[in-house]
Amino acid sequence: MAKVTRDDVARLAGTSTAVVSYVINNGPRPVAPATRERVLAAIKELGYRPDRVAQAMASRRTDLIGMIVPDSRQPFFAEMAHAVEQAASERGKMVLVGNSDYVGDREVHYLRAFLGMRVSGLILVSHGLNDLAATEIEAWDARVVLLHERPEAIDDVAVVTDDLGGAQLATRHLLEHGYEYVACLGGTAETPSVGDPVSDHVEGWRRAMQEAGRSTEGRLFEAPYNRYDAYKVALELLAGPHRPPAIFCSTDDQAIGVLRAARELRIEVPGELAVAGFDDVKEAGLTDPPLTTVASDRPAMARAAVDLVLDDSLRVAGSRRERLKLFPSRLVVRQSCGCA
């Protein structure tokens with residue numbers, strides 16, 4: 001059987017091959033609804049399959065979106081990547097995901113690889129984008145949307161949640177239970193001081209404590225973001241002579257590590273220790289006790305990031321498009337804080 005071509009589709013639909021291309025590529029010129037329906041019907045009847053490689057060579061762009069995350073093993077990043085994949089699929093795109101492992105050189109490696117593949121755009125969840133990565137993005141004139149974090153190195157469109165306000169909500173809620181003070185598990189010495197969600201979580205905790213007239217001195221503890229290392233930090237903290245009555249964790253993964261350490265040390269949660277996290281990963285509702293946390297609308301953020309990275313106005317010099325899209329945070333009250 002001879003291969004079905006775009007010419008065959010055009011003949012059956014009674015139109016030109018250019019119009020067939022506009023329908024397949026959803027542009028760049030508009031097509032009348034009736035004509036579009038004829039073209040789509042012809043494609044279906046003939047079983048036509050576009051040559052994506054040829055399309056990519058002609059347009060110098062593929063149907064791929066590159067996404068770089070710090071660590072897809074962490075539930076938050078896994079759920080965010082899945083949400084981006086779903087949103088991209090709705091737009092007829094596929095997503096390639098690379099893990100930077102919080103290492104600048106690996107981030108640059110994936111930037112170069114994805115840009116070399118002529119992806120339609122890049123969605124970056126970057127932990128402190130370095131100058132070399134920023135230079136690569138500028139050199140390729142890439143479409144870039146920052147998601148979840150806002151590195152100082154580049155000034156691209158960012159889609160974020162209200163991290164500072166959310167941390168204030170969680171800390172205030174713990175204080176309203178009557179705890180003398182709330183300790184905080186922040187990030188590590190490598191955590192960027194500006195544009196990083198964890199830095200905003202720490203600042204939100206600090207502001208809520210100060211509003212309540214509570215000192216923060218000696219009550220902020222460094223901890224990696226993952227549950228395994230946070231568990232080790234929590235073991236030492238909870239077994240020490242100055243065990244806090246409540247802890248706000250900058251990530252749910254940290255909070256899960258704290259709950260594990262408390263169980264191992266036979267510390268009752270929330271009777272002897274209250275815990276709250278940030279992210280509302282799916283596992284937060286299954287911990288023992290269920291974890292009070294702060295949620296963001298990840299599906300809406302993912303859709304916004306995909307829509308923005310495919311928006312041609314991002315490439316227009318002096319574009320007046322809003323540079324920051326901020327989504328609200330909301331408190332999700334469960335039992336680890338002391339609520340029934």
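The values are calculated or read from the model by the stated rules, or taken from the named source; none is laboratory data. Owing to the predicted nature of the structure, the values given are computational and were not obtained by experimental measurement. In this analysis, Cβ positions are derived from the backbone assuming ideal geometry, glycine residues included, and neighbour counts consider all displayed protein chains. Heads up: the accessible areas ignore ligands, DNA and RNA and are worked out on the full protein's heavy atoms, side chains in. Shrake-Rupley method; radii C 1.70, N 1.55, O 1.52, S 1.80 Å.
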Query raised in the report: Roughly how many percent of the accessible protein surface of region 75-117 is carbon and sulfur, given a 1.4 Å probe and a whole-percent answer?
Result: 51
Query - Stretch gain in nm, segment ALA78-ASP131, where the contour uses 0.36 nm per residue and the Cα spacing is subtracted - result: 16.4 nm
Query raised in the report: When DSSP assigns beta bridges and you keep just the ones with both residues in the chain, what percent turn out antiparallel, to the nearest 5?
Result: 10
Report summary line: Of every Cα-Cα pair in region 158-266, the percentage lying beyond 26 Å is 12
Report task. Please turn the phi angles of region 42-49 into ³J(HN,Hα) values with the Karplus equation 6.51 cos²θ - 1.76 cosθ + 1.60 (θ = phi - 60°), one per residue in order, whole Hz, x for glycine and proline. Result -> 5, 4, 5, 5, 8, x, 6, 10
Report summary line: Note: probe point = Cα of ASP229 + 7 Å toward Cβ; backbone nitrogen < 14 Å; residues of region 166-193 passing the test are 186-192
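Gain in length, PHE327 to GLU138, computed as 0.36 nm per residue apart minus the alpha-carbon separation, to one decimal in nm?
Stretched fully, the PHE327-GLU138 segment lengthens by 65.3 nm.
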Requested in this report: Could you check the simple spin-label distance between GLU272 and LYS3, using points 7 Å along Cα→Cβ, in nm with one decimal?
Outcome: 7.1
Query raised in the report: What residue among GLY271, GLY116, GLY27 has the largest mean-square fluctuation in a Gaussian network model of the chain, using Cα springs under 10 Å?
Result: GLY27
Query raised in the report: On average over all directions, what projected area in square nanometres does region 61-146 have, based on the convex hull of its Cα atoms?
Result: 4.9
Requested in this report: Give me the distance in nm between label points sitting 7 Å out from Cα along the Cα-to-Cβ direction at THR188 and ASP101, one decimal.
Outcome: 1.2
Query raised in the report: Not counting the cut sites, what is the longest span of the chain without trypsin sites (Lys or Arg not before Pro) that DSSP labels loop and that have at most 12 other Cβ atoms within 10 Å?
Result: 74-265
Query raised in the report: For region 210-314, what % of the accessible area comes from carbon and sulfur atoms, probe 1.4 Å?
Result: 48
Query - Isotropically averaged projected area of the chain, using the convex hull of Cα atoms (one quarter of hull area), nm² - result: 21.0
Query raised in the report: What whole-number value in Å² describes the accessible area per residue of region 162-220 for a 1.4 Å probe?
Result: 43
Report task. Could you tell me the distance between the Cα centroids of region 236-255 and region 266-287, to the nearest Å? Result -> 11
Report task. Name the long-range amide H neighbours of VAL275: under 5 Å, sequence gap of 5 or more, or other chain; modelled H, no Pro or chain starts. Result -> ILE247, CYS337
**Report entry** Mean ellipticity per residue at 222 nm, deg cm²/dmol - from DSSP H runs of n ≥ 4 across the chain, formula -39500 (n - 2.57)
**Finding:** -13500 deg cm²/dmol
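On a 1.4 Å probe surface of the protein chains, which of PHE278, PHE221 comes out largest in accessible area, and what is the full order?
Details: PHE278 5, PHE221 60 Å².
Result of the area sort, largest leading: PHE221, PHE278.
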Report summary line: If one builds a Gaussian network model of the chain from Cα atoms under 10 Å apart, the most fluctuating residue listed among LEU265, LEU132, LEU12 is LEU12
